[in-house]
1. Hey, does segment 497-520 have a residue that's hydroxyl-bearing (Ser, Thr, Tyr) and loosely packed, with under 15 Cβ neighbours inside 10 Å?
2. If I go through segment 160-170 residue by residue, how many of them are at negative phi and over 37 Å from the mean Cα position of the chain (by Cα)?
3. Residues GLY441, GLY436: which one is open to solvent by 10 Å² or more (accessible area, probe 1.4 Å), assigned to a helix (DSSP H, G or I), out of contact with any Gly (no Cβ under 6 Å at 6 or more places or on another chain) and closer than 30 Å to THR779 by Cα?
4. Looking at (1) surrounded by fewer than 19 Cβ atoms within 10 Å (Cβ to Cβ); (2) touching a Gly at 6+ places or on another chain (Cβ under 6 Å), find the lone condition where ARG570 falls short.
5. Tally up the residues in segment 37-74 that are on the phi < 0 side of the Ramachandran plot, not polar (S, T, N, Q) and not in a helix (DSSP H, G or I), please.
6. Would you kindly identify the strands (runs of 3 or more DSSP E) lying entirely within segment 469-541 that contain at least 3 residues that are small (Gly, Ala, Ser)?
7. Quick check on segment 1-40: of everything there that is of a type in the set (Gly, Ala, Ser) and either surrounded by fewer than 18 Cβ atoms within 10 Å (Cβ to Cβ) or under 19 Å from ALA694 (Cα atoms) (or both), which residue is nearest to the chain's Cα centre (by Cα)?
Amino acid sequence: MFLNDIRFAFAVLRRQPGFAAVVIVTLALGIGANTALFSVADAVLFRPLPYRAPDRLVALWETTPRKARAAPANFLDWKRDSRSFEKMAAFGAVGFTLTGAGEAEHVEGASVGVDYFDVLGVAPELGRLFLARDEERGHAIVILGAELWQRRFNGDRAIVGRSVLLDGTPHTVIGVAAPGLYPSWPTASGRISFEQRHQQLFVPMRMDGRRAANRDSHVLGVVARLREDVGLKEAQQEMSALGTRLAAQYPGTNEGEGAMVTPLDVELLGNVKPALRLLLGAVCLVLLLACANVASVLLARAAGRERELAVRRALGASRGRVAALLLTESLLLSLLGGALGCFLAALGVGAVVSALPGDVPRLAEVAVNGRVLAFALLSSLLTGLAFGLGPSWLASSHDPSLGLKESGPAPDRRRQRARRSLVVMQVAFALVLLTGAELLGRSFDQLRRVDPGFKPEGILTFDLTLSPRYAEPAQITSAYAEVVERLRGLPAVKAATIAYDSPLASNWIDVFSIEDRPQTEDSLAARLAIVGPGYFETLQTPLVAGRPLDERDAQGATGAVVLSQAFVDRHFPGEDPLGHWLALGTPSFTWGSKAPSRFQIVGVATDVRSLGIATRPEPTYYISAQQFPQRGMKVLLKVGLDPLSVVPSVRAAVARFDGSLAVGNPTALALAIARDTAQPRFNTLVLMGFSALATSLAAVGVYGLLAYSVARRTREIGVRLAMGARPEQITRLVVGEGMALIAAGSTLGLLGSVFAGRLLSALLFGVEPGDTLSFFAGTFTLLVVGLAATYVPARTASRVAPATALRNE
């Protein structure tokens, strides 16, 4: 019987190819969008993390009071005194120049505690992991990342035991890490990088006594594994108590600081999880809209099949048998729509992945695979039931005696009410998506208008790390001065300078004190930026007062510092900071008498959003790279061409200076800003696409209902016109009927939009969840589209010829 129903359904659809095509395409759009987004969510959200018992893994942070990395001494206290964790390990960012195996290459990885891999619960691909004895200073060792091993060493399994040159120093390879996701670079903004480029190698973290006692420098990321009998809440309570104890024990460095425990999957997914969940919810609304649209079409189609269904009932078919026949047709349509949807998803998933930010984890695993196809099949079956069950039951419940009358059946009011309800629902869902898209669109527009504090256009940045043979401050300063001078000589380069960090990523927080201030203000902390001469000019960061750092601020000269406006607002409110002195311990602590410990304030610069475009400017002080030199720096070039087009000539210039140096991570600063806004851009574009599709489906639903209504009421309209009604009155009648439905749907949609706005609040920037303009714009757009959808059938109704309508009747 079931096979007979399928054969009959195919025969019916072949006789009505237009109807079948409209339904299948409508469902394919909804199911295809769901399948494409599910393929991303499946790879990123739903698959378990590649660790042993990943739900037991957490990241630990200090709160200062904002989320911050851990100071070494505080981490050691946590590790010694906490009882909530099986094991705990620290990690930090490292970068090397790899030589001796081809062209010099800048590689990045992590310095990790010996328990790091045990905490994560991963095994090596080759060789061994770190042991307790590896913390002792001695022979340099390294574990290669799987990507670097494959790419640079061709996956040679004999690599274990061989030496590689890192910064000119031989390191023995003791193992190769298995492919996976490793927390590597903790940032000062409270994020952990899981990017492959930061997992190219791992070296053991070694702490001497001086570093182990340091509570000022917040530089470490921390991962830990919860004990089986301890939950997240209990661990947080213990760490909060530890933070309070350390604050009381070391008030000079830890006052006001605490500790935070977060699940590692939260650190891995960041804003991706709420964004993908939001978009999955949006695409489900689109699918519901498609179902409502198709259900409305099926209800209208059932009216044309009343005689056929009445004959079946008269010949003995039960109501359930007729409903099963109609439901089989619905399921067949949904399966055909699902097949086409899978094809569209396979075509479109690449575009979805390319639109996502590059730092979203596991994007390489996104594919329309067996799990995704199973989801598509289940979605198709549920969709068929969703849009087919109601119409099938309503159609089968009609009185067969009415369907056999020569005059034709009277209009079924239940069916009409059902179609009107479906249209109202479509309008409501469409308005929710439109309003959400307007909120995200206005938010993204606000984000694009943010002034980062510098001009990123035409700026190329890259990493450069000098080898250990540049050991003295004078050697480091001289080397960078010559590199910058050589780069300035390139034809396309207009300006060049160096900095420890990119202007978009401040990763150094340090303490300072203001001389001639009360002792209670000592041990203040702010962002430390180490920059070369010409830094402010190259980035076109305006100075509010004073002068920039330049060649006058050389090694041996009086220490000089430039403050950001946010620094001045916090520490010098209402007074002129120029001429005051800051006491900085880190430069002289590092270089002794070769670096100053007192720095005079010589300038004030415009604020730079150093933690990202969407963050507030942080208090920052700039000191000269000549007075606090670092072997690893970023080089910034202002060029007149596409910044990336000069990379080959830059590599050649650096190689001519020293063939052991490598240009690392060349990036156009404008592209870095684009990456910083990639997630909100993706959210906005996708939700706008869904809202456009939803609005189109709602408009089709309104049009279909009114067109059907006009066709059923042709005699009534003819009578009205024959009795003297003017065509414009008929137009207003039909338009009014449609706009009443749109008004009802808009009312429900506005209520839903209020709830949706609250869900979106975490993704908004500079826009409130209840933004009036967004609600007005969404409603206005829907009303305009709805008016256009009602006008076409209204215009058709106004042109009915009375004589023809009455003669046909």
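1. yes
2. Going through segment 160-170, the residues at negative phi turn out to be 160, 162-166, 169-170.
Filter once more, keeping what is over 37 Å from the mean Cα position of the chain (by Cα): 160, 162-163, 169-170.
Number of matching residues: 5.
3. Numbers: GLY436 fails: open to solvent by 10 Å² or more (accessible area, probe 1.4 Å).
Result: GLY441 is the single residue among GLY441, GLY436 that is open to solvent by 10 Å² or more (accessible area, probe 1.4 Å), assigned to a helix (DSSP H, G or I), out of contact with any Gly (no Cβ under 6 Å at 6 or more places or on another chain) and closer than 30 Å to THR779 by Cα.
4. Looking at each condition in turn, ARG570 falls short on (2).
5. First pass over segment 37-74, keeping only residues on the phi < 0 side of the Ramachandran plot: 37-52, 54-74.
Narrowing further to those that are not polar (S, T, N, Q): 37-38, 40-52, 54-62, 65-73.
If we keep only those that are not in a helix (DSSP H, G or I) as well, we get 47-52, 57-62, 65-71.
So the count comes out to 19.
6. Details: elements: 493-499, 509-514, 524-531.
Per the criteria, 493-499, 524-531.
7. Kept after step one, since they are of a type in the set (Gly, Ala, Ser), are these residues of segment 1-40: 9, 11, 18, 20-21, 28, 30, 32-33, 36, 39.
Adding the requirement that they be either surrounded by fewer than 18 Cβ atoms within 10 Å (Cβ to Cβ) or under 19 Å from ALA694 (Cα atoms) (or both) leaves 11, 18, 21, 28, 30, 32-33, 36.
Numbers: ALA11: 47, GLY18: 41, ALA21: 36, ALA28: 27, GLY30: 23, GLY32: 22, ALA33: 18, ALA36: 17 Å.
Across segment 1-40, the extreme among qualifying residues is ALA36.
To keep it simple, each residue is scored yes or no on (1) part of a helix (DSSP H, G or I); (2) in contact with a Phe, Trp or Tyr (Cβ under 6 Å, 6 or more places away or on another chain); (3) aliphatic (A, V, I, L, M).
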| residue | (1), (2), (3) |
| --- | --- |
| HIS106 | no, no, no |
| GLY109 | no, yes, no |
| ASP118 | yes, no, no |
| LEU126 | no, no, yes |
| PHE130 | no, no, no |
| HIS139 | no, no, no |
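The values are calculated or read from the model by the stated rules, or taken from the named source; none is laboratory data. Here the structure is a predicted model, which means the values were calculated and not measured. Cβ atoms come from the backbone with ideal geometry, glycine included; neighbour counts cover every protein chain shown. Side chains are part of the model used for accessible areas, which takes the heavy atoms of the whole protein and leaves out ligands, DNA and RNA. Shrake-Rupley method; radii C 1.70, N 1.55, O 1.52, S 1.80 Å.
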